[in-house]
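Each remark here refers to the structure printed beneath this line.
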Amino acid sequence: MTAGASKGAAEAVKPLSPAEVSGWLARSPFIAFLGLELHEMDVAAGTLTLRMALKPEFERSAGSTGRWHGGVVSAMIDTAGDVALIMLHGAAPPTINFRVDYLRPIVGEALTARATIRKSGRSIAFVDIDVFGPDGALVAIGRANYAMSGLPRPATEMAS
């Protein structure tokens with residue numbers, strides 16, 4: 001069953017492999033523009049990490065020497081949460097809501113975002129996303145909610 005399939009009983013699916021998750025990332029023109037890449041994933045723990053390199057288009061202002069625009073960081077947060085759920089469900093859930101707290105100015109050549117699925121219920125999923133700068137410092141945190149109704153359920157639920 002895909003995201004556009006009927007909303008009848010959801011079928012059970014196996015978690016995606018790293019190659020399949022990378023395939024999901026590659027199919028989106030927006031994600032391709034961002035340059036998001038799968039860094040690591042752990043199905044049992046319900047975690048997934050994405051990496052993104054800084055491009056001149058992502059800087060807060062021209063010549064800001066590596067200072068990231070917050071909108072790019074928020075897009076990374078939403079995408080990391082969504083892809084973590086795709087890893088388990090094999091389908092993309094729509095975002096209901098997400099929030100971002102920026103902890104410090106974000107500078108550097110690359111960011112990583114680690115998404116942790118806190119709960120993936122039948123109706124709503126909750127995902128926390130931590131964003132780290134190139135030095136490993138936590139620079140932003142996000143929490144996102146996704147609509148899960150009608151999406152396939154994992155054949156084996158993740159460890160709690």
statement: In degrees, nearest 10, the alpha-carbon axis of helix 18-27 is tilted away from the dominant principal axis of the alpha carbons of the chain by 70
- request: Give the calculated FRET efficiency between residue 19 and residue 39 to the nearest 0.05, with a Förster radius of 22 Å applied to their Cβ-Cβ distance.
  value: 0.95
message: In whole percent, and with a 1.4 Å probe on the protein chains, what portion of the accessible area of the chain is carbon and sulfur?
response: 55
task: Match the structure shown to one of the listed values (1) 102; (2) 124; (3) 188 of volume of the Cα convex hull per residue in Å³, computed from it, and give that label.
output: (1)
- prompt: Using Cα atoms only, what is the angle between the long axis of helix 70-89 and the major principal axis of the chain, expressed in degrees (0 to 90) to the nearest 10?
  reply: 20
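Between residue 65 and residue 137, what FRET efficiency follows from the Cβ-Cβ distance if R0 is 22 Å, with the result rounded to 0.05?
The formula returns an efficiency of 0.80 here.
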- request: Work out the charge dipole of the chain with +1 on the Cβ of Lys and Arg and -1 on the Cβ of Asp and Glu about the Cα centre, then indicate which of 124, 88, 139 is farthest towards its positive end.
  value: 124
- request: State in Å² the accessible area per residue of the chain; use a 1.4 Å probe, count heavy atoms of protein chains only, and round to the nearest integer.
  value: 50
task: Would you mind counting up the charge near residue 130? Only other residues with Cβ under 12 Å from its Cβ, with Lys and Arg at +1 and Asp and Glu at -1.
output: 0
- line: Expected sort for 12-21, 80-89, 38-47 on mean C-beta neighbours within 10 Å, highest first, is 80-89, 38-47, 12-21
Student exercise, segment 52-128 dipole from Lys, Arg, Asp, Glu Cβ charges, in Debye to nearest 20: 240
Neighbour net charge for residue 25 - beta-carbon separation under 14 angstrom, K R +1, D E -1: -3
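The values are calculated or read from the model by the stated rules, or taken from the named source; none is laboratory data. Predicted model, so just to flag it, every value in this text is computed and none were measured. Cβ coordinates were reconstructed from backbone atoms using ideal geometry, including for glycine residues, and neighbour counts include every protein chain displayed. Surface areas here come from the heavy atoms of the whole protein model, side chains and all, with no ligands, DNA or RNA. Shrake-Rupley method; radii C 1.70, N 1.55, O 1.52, S 1.80 Å.
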